[in-house]
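Each remark here refers to the structure printed beneath this line.
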Amino acid sequence: MKKYARYLLAGLLVVNLAGICLAENTLKQYDNIKGRTYHEDLYVEKQCDACHTSNEPTLFPPDDSCLECHEYEDLVEATAREPDDVWQNPHNNLHYGKDIPCMECHGEHSRREPMCADCHNFSYTKHNN
Amino acid sequence: MTQRKDYQEGRRKFLIGMGTAGLAAMTVPVTASAASGKKQTWDLEHEVVIIGSGFAGLAAAIEAKRKGAKDVVVFEKMPMFGGNSAVNGGLFAAPNTPLQDKEGVKDSPEIMLKDQMKSGRGVADRTLLLHIAKHAGEALQMTLDAGAEYLPYLQQLGGHSVPRTYQTTVACGAGIVQPLIKKCRKLGVSLINRSKFEHLLLDDTGKVIGVTLRQNYYFGYDQPGKLVNVRAKRGVLIATGGFAQNIGLRQAQDPTLTAEVGCTNPKGATGEAMLEMLQKGAVPVHLAYIQSGPWASPDEGGFGYVSNYSIYNFPHSIAVNCRTGQRFMNEIADRKTRADAELACRDDTGKPLPPIMVTSYKHAKKHPNCKKVLRYGVGWKFVSLEAIAKKFNIPLAPLKKQVEQYNGYVRAGKDDQFGKSMKKAKDKYLEAPFTVVRLWPKVHYCQGGVQINTLAEVISSMTWKPIKGLLAAGEVTGGCHGVSRLGSCSIPECMVMGMTAARTIMKG
């Protein structure tokens with residue numbers, strides 16, 4: 001039972017997040033760059049170095065930048081799949097396990113498709129491009 | 001949280017400000033001089049340097065560690081590890097295995113060699129193939145030791161005279177790559193992504209002493225990364241795979257492989273490391289022999305789900321030309337024979353008309369991919385031949401007659417139409433309900449590459465001797481399979497030649 005409760009909790013969290021994300025396009029133009037509305041504080045306060053190694057970035061941030069704030073195991077749980085599809089969890093998948101850098105599927109300043117779409121017809125409805 | 005890497009701070013500005021001369025001056029000069037006579041400088045130093053993180057690179061890393069290497073590094077161009085090895089069918093052919101014992105299959109390295117030589121159409125490399133077949137069991141054991149799991153039965157793939165193919169339970173090469181990566185990490189192998197190999201560095205005697213890499217390289221984005229020179233104390237292994245995704249290069253070899261032809265490989269399979277070896281004198285072999293997979297589907301990208309589904313089901317299925325309602329090939333002939341036959345399936349105007357594969361649902365569902373194929377709309381279930389004929393616009397009478405005829409072959413154990421081996425089709429009659437997928441070949445594998453010997457040493461076209469310090473293994477090498485590689489023979493090749501390369505390097 002405890003296990004199911006956990007799924008339910010994770011599920012609720014995801015539905016909630018998805019609701020927010022799907023309600024509108026989360027990519028918004030800030031002063032000189034597009035960014036995600038759920039990171040608005042960073043743009044208002046011009047904290048580029050929250051992710052990049054410099055506050056005047058010219059390069060992509062390190063692969064583990066997002067994990068400064070996001071707990072990876074929570075993401076794994078939030079996108080857990082039914083036993084039949086257990087390996088289609090984008091955060092712990094058959095091909096690459098937990099090793100895919102976030103930006104391969106998530107764009108902070110631009111739209112990005114999930115990389116699974118290169119070969120598969122999955123619909124990841126919670127992914128907000 | 002792991003320690004954050006801080007390798008990018010102001011790097012681009014630094015490059016613009018100082019220029020590459022400034023960058024070189026920053027590095028510490030260490031021993032040896034380059035072929036140009038200039039003093040060679042090094043940014044990094046490792047005992048064994050491996051380029052590419054597929055089966056060959058990972059097997060080499062593990063074997064080098066087993067042989068006592070202290071410092072092994074694997075550099076990967078892409079953001080993820082595994083290359084094409086992470087997205088293929090996970091099919092592993094080996095002779096004299098425990099599963100063959102269990103199933104009472106009589107086999108030997110020599111019988112496996114004979115099958116491969118036939119598919120190689122006279123120009124496969126007998127010595128390399130026999131070396132691989134003899135060590136395939138050992139390589140299979142390495143994957144088992146690392147934790148790879150296989151289906152409890154063997155498959156008989158096209159062109160193989162006996163069932164000898166293992167398949168991972170996840171029906172994917174990742175079922176081997178993931179355990180190998182874990183094993184590498186456990187053994188202390190450094191795995192570094194976003195690092196693109198650029199050049200080999202040679203000393204005055206022509207020996208390979210290191211490589212130039214781009215660190216922090218973002219494939220497909222405008223971030224070229226920073227050039228660094230890496231010294232390899234014992235040797236460099238190039239295990240970078242094929243070039244099926246390099247449209248210009250593949251089309252230069254085979255003009256029919258235009259951008260319109262699909263490809264099962266990930267986007268990184270572009271072959272620059274092979275070209276660099278050729279520039280340094282390696283012998284090019286069979287570059288024009290580029291194989292297309294006859295089991296791929298036009299209804300999904302890449303290798304997808306259908307490829308493995310078809311590979312498993314071909315022995316007890318029929319492939320039907322939608323225009324005629326009849327079979328048009330031996331469904332388990334070698335890959336080239338089948339791909340050519342499929343490409344000939346055209347409508348009246350000459351446009352591609354992908355043929356279909358018809359399987360009894362009760363047999364198809366035994367493969368784990370069947371569910372996925374149906375769920376993701378890349379295959380369909382039908383209650384009758386009438387329904388199939390209607391959906392794909394196939395003349396019904398010939399289709400019905402064909403199925404009846406084929407079931408006669410199943411009963412007789414002999415295919416009078418195309419000479420297909422009916423061993424694996426025993427008692428497997430075509431009966432409703434059916435499942436159907438569409439077939440169209442996709443570029444899958446480059447038989448060609450650089451020439452190596454059975455020690456995995458790269459041969460020089462200038463001296464016809466091994467280039468010292470340079471080894472290559474896997475799809476980047478050429479000649480071993482000849483015109484057409486048999487399915488499930490690449491994984492043993494990559495694993496065995498990777499292990500072989502590590503042994504050669506560690507013998508020094």
Next on the checklist: On the basis of being within 30 Å of residue B:471 (Cβ to Cβ), in the same structural domain as residue B:412 (by TED's automatic domain parsing) and either touching a strand residue (DSSP E or B) at 6+ places or on another chain (Cβ under 8 Å) or of a type in the set (A, V, I, L, M, F, W, C) (or both), does residue B:328 make the cut?
Outcome noted: no
Checklist outcome for this item: Only unsatisfied item for residue B:320, checking (1) in a helix (DSSP H, G or I); (2) closer than 30 Å to residue B:117 by Cα; (3) more than 27 Å from the chain's Cα centre (by Cα); (4) not small (Gly, Ala, Ser), is (1)
Checklist outcome for this item: Filtering region B:81-110 down to residues that are within 14 Å of chain A (Cβ to nearest Cβ) and either surrounded by fewer than 23 Cβ atoms within 10 Å (Cβ to Cβ) or over 30 Å from residue B:214 (Cα atoms) (or both) yields B:89, B:90
Checklist outcome for this item: Apart from one, (1) over 20 Å from the mean Cα position of the chain (by Cα); (2) surrounded by fewer than 23 Cβ atoms within 10 Å (Cβ to Cβ); (3) among the aliphatic types (A, V, I, L, M) all hold for residue B:483; the odd one out is (1)
Checklist entry - Any chance region A:61-68 includes a residue that's among the hydrophobic types (A, V, I, L, M, F, W, C), within 19 Å of residue B:375 (Cα to Cα) and either more than 9 Å from every other protein chain (Cβ to nearest Cβ) or crowded, with 16+ Cβ neighbours inside 10 Å (or both)? => result no
Item to check | Candidate set from region B:350-363 (those that are at pLDDT below 95 and part of a loop (DSSP other than H, G, I, E, B)); member that is nearest to residue B:442 (Cα to Cα) | outcome: B:351
Checklist entry - Can you list the strands (runs of 3 or more DSSP E) found entirely within region B:402-499 that contain at least 3 residues being assigned by TED's automatic domain parsing to the domain that holds residue B:53 and out of contact with any Lys or Arg (no Cβ under 8 Å at 6 or more places or on another chain)? => result B:466-472
Item to check | Test for residue B:418: is it touching an Asp or Glu at 6+ places or on another chain (Cβ under 9 Å) and over 22 Å from residue B:89 (Cβ atoms) | outcome: yes
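Matching residues to (1) within 12 Å of chain A (Cβ to nearest Cβ); (2) among the acidic types (Asp, Glu):
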site	(1), (2)
B:139	no, no
B:159	no, no
B:166	no, no
B:170	yes, no
B:197	no, no
B:204	no, yes
Checklist outcome for this item: Of the residues in region B:144-173 that are not aliphatic (A, V, I, L, M) and not in a loop (DSSP other than H, G, I, E, B), the one that is surrounded by the fewest Cβ atoms within 10 Å (Cβ to Cβ) is B:145
Next on the checklist: For the structure I just gave you, tell me whether residue B:364 is buried (at least 24 other Cβ atoms within 10 Å of the Cβ), assigned by TED's automatic domain parsing to the domain that holds residue B:404, touching a Ser or Thr at 6+ places or on another chain (Cβ under 7 Å) and under 25 Å from residue B:480 (Cβ atoms).
Outcome noted: no
Checklist entry - From the residues in region B:258-274 that are in contact with a helix residue (DSSP H, G or I) (Cβ under 8 Å, 6 or more places away or on another chain) and surrounded by fewer than 19 Cβ atoms within 10 Å (Cβ to Cβ), which one is nearest to residue B:344 (Cα to Cα)? => result B:258
Item to check | Considering residues of region B:456-473 that are among the aliphatic types (A, V, I, L, M) and within 26 Å of the chain's Cα centre (by Cα) only, the residue surrounded by the fewest Cβ atoms within 10 Å (Cβ to Cβ) | outcome: B:459
Next on the checklist: I'm trying to understand the selection: among the residues of region B:40-84, which are in contact with a Cys (Cβ under 6 Å, 6 or more places away or on another chain) and of a type in the set (Phe, Trp, Tyr)?
Outcome noted: B:55
Checklist entry - So which residues in region A:108-128 are within 13 Å of chain B (Cβ to nearest Cβ), under 19 Å from residue A:36 (Cβ atoms), free of Cβ contacts under 8 Å to residues at least 40 places away in the same chain and in a loop (DSSP other than H, G, I, E, B), if there are any at all? => result A:112, A:113, A:114, A:124
Item to check | In region A:38-60, the residues that are free of Cβ contacts under 8 Å to residues at least 12 places away in the same chain, closer than 20 Å to residue A:104 by Cα and away from chain B (no Cβ under 14 Å) | outcome: none
Checklist outcome for this item: From the option list B:477, B:435, single residue qualifying as over 13 Å from the mean Cα position of the chain (by Cα) and among the polar types (S, T, N, Q) is B:435
Item to check | Checklist (1) of a type in the set (Gly, Ala, Ser); (2) closer than 19 Å to residue A:115 by Cα; (3) surrounded by fewer than 24 Cβ atoms within 10 Å (Cβ to Cβ) applied to residue B:69, failing item | outcome: (2)
Checklist entry - Just checking, how many residues over region B:314-326 are under 21 Å from residue B:427 (Cβ atoms), buried (at least 24 other Cβ atoms within 10 Å of the Cβ) and touching a helix residue (DSSP H, G or I) at 6+ places or on another chain (Cβ under 7 Å)? => result 1
Checklist outcome for this item: The lone condition residue B:39 fails out of (1) touching a Ser or Thr at 6+ places or on another chain (Cβ under 7 Å); (2) at pLDDT below 55; (3) more than 14 Å from chain A (Cβ to nearest Cβ) is (2)
Next on the checklist: Tell me which strands (runs of 3 or more DSSP E) are completely within region B:182-259 and hold 1 or more residues being within 24 Å of residue B:39 (Cα to Cα), over 21 Å from the mean Cα position of the chain (by Cα) and assigned by TED's automatic domain parsing to the domain that holds residue B:88, or say none if there are none.
Outcome noted: B:196-202, B:208-215, B:226-238
Checklist entry - What number of residues within region A:80-105 satisfy the criterion of being surrounded by fewer than 19 Cβ atoms within 10 Å (Cβ to Cβ), away from chain B (no Cβ under 11 Å) and either under 20 Å from residue B:176 (Cα atoms) or within 10 Å of the chain's Cα centre (by Cα) (or both)? => result 2
Checklist outcome for this item: Residues in region B:114-133 that are surrounded by fewer than 18 Cβ atoms within 10 Å (Cβ to Cβ) and part of a helix (DSSP H, G or I) total 5
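The values are calculated or read from the model by the stated rules, or taken from the named source; none is laboratory data. None of these values were measured; they are calculated from a predicted model. Reconstructed Cβ throughout: ideal geometry from the backbone, glycine too, with neighbour counts over all protein chains shown.
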